[in-house]
Amino acid sequence: MNKIIFFEGVDCVGKTTVMKEFNKITDFRYMCLDRGIISYFTYAEIFQRKVLKYPEFMLQRIEPISIVVYLYADERVLTKRMKDTGHPDYPVHTHLAMFEKNIANAELGGFRIIRQDTSLLQPDRIADIIYQKVLEICNDDQ
């Protein structure tokens, strides 16, 4: 079964970069999205935005065909990346904590979560690790 892979995590964690490497390795075999429902709920909570209520049937249809790749990094690494790229500062600790909470809730709700630290490894190596984990999940589903 084809999978939708959502790359989730705070700004400057490497979602887009890792996703590009993942697509190279897999020859675009999977539909990959930079941010998804977890980011939607996390940033709605952080910025106190109104959220749409996702109907239960919609979540039930997304969950079996999706994999969430949660990328995270050490706070010092994220702060350095923000400075190096000119990204506006944000309260890294708060954002990481909110993502952790929402990732845990998604996991309890049945979503398959791949967690990967981006602090020390190069994006191509991270993408390879993620690909191996995706293959394991796909094999388990058969």
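The values are calculated or read from the model by the stated rules, or taken from the named source; none is laboratory data. All values derive from a computational prediction rather than experimental measurement. Ideal geometry is used to build each Cβ from the backbone, glycine not excepted, and the neighbour counts take in all protein chains shown.
Laid out as a table, the results:
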quantity: So THR42, is it part of a helix (DSSP H, G or I) and either modelled with pLDDT under 95 or within 15 Å of LYS15 (Cα to Cα) (or both); calculated: yes
quantity: Residue tally, condition without any contact (Cβ under 8 Å) to a residue 12 or more places away in the chain and charged (D, E, K, R), over the stretch 102-126; calculated: 2
quantity: Leading residue by the ranking (nearest to GLY14 (Cα to Cα)) among those in the stretch 103-115 that are modelled with pLDDT of 95 or more and touching a helix residue (DSSP H, G or I) at 6+ places or on another chain (Cβ under 7 Å); calculated: ILE114
quantity: Residue satisfying all of: in the stretch 116-134; among the hydrophobic types (A, V, I, L, M, F, W, C) and within 17 Å of the chain's Cα centre (by Cα); farthest from LYS15 (Cα to Cα) among these; calculated: VAL134
quantity: Set ILE38, ILE129, ILE46: member being touching a residue at least 24 places away in the same chain (Cβ under 8 Å), among the β-branched types (Val, Ile, Thr) and closer than 19 Å to ILE5 by Cβ; calculated: ILE38
quantity: All positions within the stretch 21-37 that are crowded, with 17+ Cβ neighbours inside 10 Å, under 14 Å from the mean Cα position of the chain (by Cα) and either part of a helix (DSSP H, G or I) or among the charged types (D, E, K, R) (or both); calculated: PHE22, ILE37
